[in-house]
Amino acid sequence: MALTTCTPSPDPQSTAPAPVSLATPSAATKELTSINPEFERALIPVADKVHVAIGYGASTFSFIEGDSGIILIDSGQLPVASGQALKAYRQISNKPIVAIIFTHSHGDHLNGAHPFFADGTVEQIWGRDNFGTETISFKQAGITINRVRGVRQAGFKLPPEKRINNGIAPAVYPKSKDAFNPANAVRPNQSFKNRINITIRGVALTLAQNDGETADQIYVWYPAKRIVFAGDNFYKSWPNLYAIRGTPYRDVKSWVAAVNTLLSLNADVLVGGHTRPILGTQEVREALTTYRDGINYVFTKTIEGINRGMTPDELVDYAQLPSDLANQRVLRPYYGHPDWAVRSIFNGYLGWFDGNPTNLFPLLPQKEAEKMVALAGGMTQMKRDLKRAMDNAEAQWACQLADYILILEPNNSKVMLMKADALRQLAENNVTATARNYYFTSAGELRNRARTVQPK
Ligand SMILES: [Zn+2]
């Protein structure tokens, strides 16, 4: 399982997103459900002899037909799904696959490559010369918890009724026999540093570095058809400027510049790394302008607030997107969330210390919990406060109160179950698929733990 992916959502099976069966769907659930058509399987013709595969796994990938061969841009996440896309594409062209260009090294764009090599015709595999750098620091430090958190973020352990979609990808389940086999991993055999013009079977393309989501990100520009393949610097959601599974700082300023670069191409077609392509010069310009302005707004306000001495908690409120941007389709927080971006920008530049000297050496959690419970009037009163918060549908506050109690009574199954229910409420009222997955999975983990301790 590739957990270094931007959206670790495996898929060989599905053609339709999972149904949602919550008794009374919340507004957030309805909104997230409304984008499911975005992920329906299709081979979309975006220009003469250029097709984009969508819904065959988590990411998009594209077929360009040249004089005597096919050039592929990215290769999907899972071999079975990518093989199904190839089979469908064979109704369109029977020419050999001669080249693959990778927009970046995330597994959801890379790991489906195997079927395209079956005929032994692939000659060139392109990627940037720093291909695969994101995971190196984790490996070197011995970080492994990102995998556990990645499973929560992706919702792999959730039942289908709790997964609507992954915000920018269908929510589906792999069969273990179809999982990616690392023995079939593909690496580029051609690389470049900043920019290169190549011609393959009569198709002239420009590959250019475009640091954003990752430091090995590129865009592919097909000038004859005015198509830009943006990789994961663009998809229809607020971008995952911070991934809650845990990532090194994703340079938000670079991401703004990357979107600006895409905009400067004045393309007729924009193929993002996920979600359906955007067609039309005006539509592309509007989408990229909105995207750039939204990210840039949050970045600029965050820096402004930082320089006024604000803490991350204060900045989240200060840097809220204005409604005219917040309601734009391409900025809706289905996958990433602006609040997380704000915190990440702060941390990316200044590190963990929020600037308030109170927080240089804060009370340990046990001591703070003891004092908060005493402040509430004792444990009995604290539990009453928790119940009241639940009754008032103050789910976030309920979680915070439950945390104090569970620090002091770590085996209190009743409070675990109350917190699990609060997490469920938070999930159902959130449009961000990754947050929902994390809440629902954590709630399930708490319920499992509650079963293993003595009832209270
Ligand atoms: Zn991706």
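Points worth noting:
- Averaging the Cα positions of each part gives two centres, and for segment 394-422 and segment 152-186 these lie 30 Å apart.
- Distance between the modelled labels on ASN260 and ALA326, one decimal in nanometres: 2.6 nm (7 Å Cα→Cβ projection).
- In order along segment 133-146, the phi-based Karplus estimate (6.51 cos²θ - 1.76 cosθ + 1.60, θ = phi - 60°) of 3J(HN,Hα) comes to 6, 4, 7, 5, 5, 4, 4, 5, 7, x, 6, 10, 5, 4 Hz; Gly and Pro are listed as x.
- Placing +1 on the Cβ of every Lys and Arg and -1 on the Cβ of every Asp and Glu, with no other charges, gives segment 328-450 a dipole of roughly 280 debye about its Cα centre.
- Helix axis angle, 365-376 relative to the chain longest principal axis, alpha carbon, degrees: 50 degrees
- Charged-residue dipole, Cβ positions (Lys, Arg, Asp, Glu), the chain about Cα centre, Debye nearest 20: 1040 debye
- With both residues required to sit in the chain, DSSP beta bridges show an antiparallel share near 65%.
- Computing FRET efficiency as 1/(1 + (r/R0)^6) for THR311 and ILE143, where r is the C-beta to C-beta distance and R0 is 25 Å, gives about 0.45.
- Taken along the Cα-to-beta-carbon direction at a fixed 7 Å, the label points for ILE44 and MET379 span 5.7 nm.
- Of the trypsin sites (Lys or Arg not before Pro) found in segment 266-358, those that fall in a DSSP loop while having at most 16 other beta-carbon atoms within 10 Å are ARG308.
- Looking at segment 27-290, the DSSP beta bridges with both ends there are about 65 percent antiparallel.
- Straight-line cross-link partners of LYS225 among the lysines, defined as a Cα under 18 Å from its Cα and at least 8 positions apart when in the same chain: LYS49.
- Whether segment 27-290 is rounded, prolate or oblate, judged on the alpha carbon gyration tensor where a/c under 1.5 counts as rounded: rounded
- Taking every alpha-carbon pair under 8 Å whose residues sit at least 6 apart, segment 265-422 reaches a relative contact order of 15 percent.
- Annotation: amide H of ILE97 within the under-5 Å range of ILE70, sequence separation 5 or more or interchain, hydrogens built in the peptide plane.
- Relative contact order computed over the chain (Cα-Cα under 8 Å; 6+ residues apart), in percent: 16 percent
- Mean residue ellipticity at 222 nm, helices only, the chain: -12000 deg cm²/dmol; runs of at least 4 DSSP H residues each add -39,500 (n - 2.57), and the sum is divided by the number of residues.
- With Cα atoms, 0 to 90° folded angle of helix 395-408 axis to the chain main axis: 60 degrees
- Sequence-separation-based contact order of segment 413-456, relative, with Cα cut under 8 Å and 6+ spacing, percent: 56 percent
- Span from the segment 208-268 Cα centroid across to the segment 49-127 one, whole angstrom: 20 Å
- Seen against the Cα atoms of the chain and their longest principal axis, helix 379-391 is set at about 50 degrees.
- In this rough spin-label picture, where each label sits 7 Å from Cα along the Cβ direction, the LYS30-ASN359 distance is 3.7 nm.
- Taking θ as phi - 60° and the Karplus parameters 6.51, -1.76 and 1.60, the scalar couplings of segment 67-84 work out to 4, 9, x, 10, 10, 9, 10, 6, 9, x, 9, 10, x, 4, 5, 5, x, 5 Hz in sequence order, x denoting glycine and proline.
- Computed from the C-beta positions of ASN94 and THR281 and an R0 of 35 Å, the FRET efficiency is 0.60 to the nearest 0.05.
- Label-zone membership for segment 130-156, site LYS175, 7 angstrom Cα→C-beta point, backbone N under 19 Å: none
Values in this text are rule-based calculations from the coordinates and carry no lab data. In this text the structure is predicted, and so the values were computed from the model without any measurement. Reconstructed Cβ throughout: ideal geometry from the backbone, glycine too, with neighbour counts over all protein chains shown.
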